[in-house]
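I have placed the structure first, in the form of structure tokens, so that the comments after it can refer back to it.
The values are calculated or read from the model by the stated rules, or taken from the named source; none is laboratory data. Source: prediction; values computed, not measured. Neighbour counts run over all protein chains shown; Cβ positions are idealised from the backbone, glycine included. What goes into the accessible areas is simple: the full protein's heavy atoms, side chains included, and nothing from ligands, DNA or RNA. Shrake-Rupley method; radii C 1.70, N 1.55, O 1.52, S 1.80 Å.
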Amino acid sequence: MKVSKFGGTSVANAAQIKKVANIVTSDPERKFIVVSAPGKRSEEDFKVTDMLIQLGNCYLNNEPFENCEEIVMERFREIVEELNLPESLLGEINDKIKQVLQMPSSNTRKLNALKAIGEDSSAKILSEYLKTIGIKASYVNPKDAGIIVSYKNGNSKILPESYEKIHQLRNLDGILVIPGFFGYTEDGQLVTFSRGGSDISGSIIAAGVKASLYENFTDVDSVYAVNPKIVKNPKKINTLTYKEMRELSYAGFSVFHDEALRPAFDKKIPVCIKNTNKPELPGTMIIAEKKQNQKCVAGIASDTGFSSLYISKYLMNQEVGFGRKLFGILEDAGVSFEHAPSGIDDMTIIIRDSKLSKEKEAYILKRIEEELDPDTIKMERGLAIVMVVGEGLVSTIGIASKATAAISNANVNIEMINQGSSEVSMMFGIKSENLDKAVRSLYNAYFEEVESKEKATV
Ligand code: ASP
């Protein structure tokens, strides 16, 4: 039995939903279907989730919200009418919006419930449509499916005991259509995952029902070896390991949510990224282990929006508790860090800009000055990171030298290197304005030059 998840562009309009129905019915193993809210139909279009959030914010700020409501309803009206589904579905969606707005609950609860309407409606529409074309299908609410989560500081995490309940879905007849992106706490409160979180729902269902495969349908043919916005027509990746995918999706590979791998990984369920518009293509498989002879660099990930906090102090290596105090200050500020390369008297902590407001920065710097008495302390914004990712990378001779040579060929200074802690990646910190040229040069070195040499020797 397979779990197939369809992203926002796959359910963006009636034509896309028909493609989804074709995909679902073309393989009898596709039993559990997870859907996103309707996404963008074109580059300039809007996502239903964004519009629902805007609606909620306007309502909570006592601003006119009717226009947003109308836009959301218009999108669903178009879909329902083109699929020839009963009008009553639209009434249900609109009643739901009104009911949530009037709910006597906290703003967060209201917003969560509003956001979930996109996915919830998608699932109802798809299951109805499948029925009209003669397929036995039913809508299953995440609560009934058993997606019960813990909820702390805005973060929802699946409870391990949920999997048993989810497993029982296998006993239900027909195709089950489940909305992604949300679950329920033990006391029945609806909570959403982070943005793009329908991937997480799909992975949870796949782990729970012990699927033979978790298919993640999106709008790209596969995962690419590098960001296609930086390098034109990059190589497609056929196979990746979970670890490689984790590192790639962490830094700029937005095809798959970085929290979504965990449930599938824990239960060793293979994941396949596929294109709804070209389902005949093989896509990218994500598995536990790869054959050793496969190319050791799988891809080059990159992202901007990082800051580095550099601290130096003579004899730092002999000062017991220095690291604990430093990380304690970050913890008190509520800031998590990404990397922390260190030397005997220095330490650099890489933090995502989005986690570091000006106020938090000032707080952290002040406390370090006062409590750690450093020789130097420097915060630098505008940093980008590039990750060269691949299993076997640490044990292959020449990978690092090739990377540094490629970056220097692009005339880019490396601000920082972090290699060793992760077995599958090498991290380089560079200035944001140099990112594209460094990435292009690295891509050439690992993917183009190797290929042309291989061709030359044949
Ligand atoms: N609809 C949600 C979002 O836009 C979740 C998803 O599509 O996965 O973030």
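Can you tell me the alpha carbon radius of gyration of segment 8-128 divided by the globular rule-of-thumb value 2.2 N^0.38 Å?
Working: Rg = 14.8 Å, N = 121, 2.2 N^0.38 = 13.6 Å.
That works out to 1.09 for segment 8-128.
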Average accessible surface area per residue within segment 306-458, 1.4 Å rolling probe, Å²: 51
Here segment 194-288 gives, from Cα atoms, an Rg and Dmax in Å of 12.5, 39
If ligands, DNA and RNA are left out, what is the accessible area of E44 with a 1.4 Å probe, given in Å² to the nearest 10? 150
Taking every DSSP bridge whose two residues both lie in the chain, the antiparallel percent to the nearest 5 is 60
Extension gain D144-R170, at 0.36 nm per residue separation less the Cα-Cα distance, in nm? 8.1 nm
Please state, rounded to one decimal and in Å, the Kirkwood hydrodynamic radius that segment 239-327 gives when every pair of distinct Cα atoms enters the mean of 1/r. 16.3
P(r) of segment 276-402 over all Cα-Cα pairs, binned every 5 Å from zero, in whole percent: 2, 8, 16, 16, 13, 12, 11, 10, 6, 4, 2, 1, 0
Largest-first ordering by accessible area, 1.4 Å probe, given options S425, S395: S395, S425
Cα long-axis angle, helix 358-372 against the chain (0 to 90 degrees, to the nearest 10): 40
Compute the acute angle (0 to 90°) between the alpha-carbon long axis of helix 198-208 and the principal axis of greatest extent of the alpha-carbon atoms of the chain; round to the nearest 10°. 80
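Within 10 Å of each candidate Cβ there may be at most 14 other Cβ atoms; applying that plus a DSSP loop requirement, which trypsin sites (Lys or Arg not before Pro) in segment 226-259 survive? Provide the component values of the computation, followed by the final result.
Values: sites: K229, K232, K235, K236, K243, R246; in loops: K229, K232, K235.
Those that pass, being in a loop and sparsely packed, are K229, K232.
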Per residue, accessible area of segment 110-194 with a 1.4 Å probe, heavy atoms of protein chains only, in Å², comes to 42
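Using helices alone, I'd like the mean residue ellipticity at 222 nm for the chain: each DSSP H run of four-plus residues gives -39500 (n - 2.57), total over residue count, nearest 500.
Values: 15 runs with 175 residues, N = 458.
Counting only the DSSP helices, I get -12000 deg cm²/dmol.
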The alpha-carbon center of segment 47-88 and that of segment 123-200 are separated, in whole Å, by 22
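Could you tell me the relative contact order of the chain? Use alpha-carbon pairs under 8 Å, at least six residues apart, and round to a whole percent. Kindly include the intermediate steps, with their values, before the conclusion.
Values: 877 pairs, mean separation 57.1, N = 458.
This gives 12 percent for the chain.
For E319 and D373 in one chain, what is 0.36 nm times their gap in residues minus the Cα-Cα distance, to one decimal in nm? Can you show the working numbers first?
Values: separation 54, 0.36 × 54 = 19.44 nm, distance 1.16 nm.
Separation in residues times 0.36 nm, less the Cα-Cα distance, equals 18.3 nm.
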Taking a quarter of the surface of the Cα convex hull of the chain, what do you get in nm²? 25.0
Scaled by the rule-of-thumb 2.2 N^0.38 Å, the alpha carbon Rg for segment 364-452 gives a ratio of 1.33
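Just subtract the alpha-carbon distance of D266 and K40 from 0.36 nm times their residue separation and send over the number in nm, one decimal. It would help to have the intermediate numbers written out before the result.
Working: separation 226, 0.36 × 226 = 81.36 nm, distance 3.21 nm.
Separation in residues times 0.36 nm, less the Cα-Cα distance, equals 78.2 nm.
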Please compute the contact order of segment 27-163 in relative form: average sequence separation of alpha-carbon pairs under 8 Å and at least six residues apart, divided by the residue count, as a percent. 22
Just report the Cα centroid separation between segment 372-408 and segment 263-289, whole Å. 29
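Taking the Cβ-Cβ separation of S26 and L159 as r and a Förster radius of 30 Å, what is the calculated FRET efficiency to the nearest 0.05?
Values: r = 34 Å, r/R0 = 1.15.
In this case the efficiency is close to 0.30.
Within segment 72-143, list the GluC sites (Glu not before Pro) lying in a DSSP loop whose Cβ has at most 16 other Cβ atoms in a 10 Å radius. Walk me through the intermediate numbers first.
Working: sites: E74, E78, E81, E82, E87, E92, E119, E128; in loops: E87.
Passing both the DSSP loop test and the Cβ count: E87.
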Roughly to the nearest percent, how much of the accessible area of the chain is carbon and sulfur, given a 1.4 Å probe? 49
Helix 48-60 vs. the chain, principal-axis angle (Cα, 0 to 90°, nearest 10): 90
Taking all protein chains together and a probe of 1.4 Å, list Y443, Y129, Y59 from the most accessible to the least accessible. Y59, Y129, Y443
